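Report on the following structure.
The values are calculated or read from the model by the stated rules, or taken from the named source; none is laboratory data. If you're wondering where the values come from, they're calculated on a predicted model, not measured in any experiment. All Cβ positions, even for glycine, are placed from backbone atoms using ideal geometry, and neighbour counts span all protein chains on display.
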Amino acid sequence: MTKSEPTTRSETPHRRRPQFGMGSLLMVMLVCSVMAAAGSYFVRSALKPGGASLLVFILFTLVTPVVLMIVVSLTRQIALWLSRRRR
């Protein structure tokens, strides 16, 4: 029989723990707080008559920059993909 050699610390598989920076945690908190505020406002405005038009304006104002950035990013990625494909 052969003796099994003891495994050293460098030979064992090392699982990498996820690391979060302060900036990413603050971004997550910002997104969660804005979503909670929008949900709260939505519930309150649904109970009041005439509050829906103001809600649509506020949500449109909050969502438009994000949608615009998504469209610009997708357009840029498609342009890069087409330029690589033509080579």
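Residue by residue, here is whether (1) modelled with pLDDT of 75 or more; (2) farther than 21 Å from residue 31 by Cβ holds:
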residue: 48; (1), (2): yes, yes
residue: 53; (1), (2): no, yes
residue: 67; (1), (2): yes, no
residue: 72; (1), (2): yes, no
residue: 85; (1), (2): yes, yes
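Kindly provide the set of residues from region 49-87 that are of a type in the set (D, E, K, R) and surrounded by fewer than 10 Cβ atoms within 10 Å (Cβ to Cβ), ordered by number.
84, 85, 86, 87, listed by residue number.
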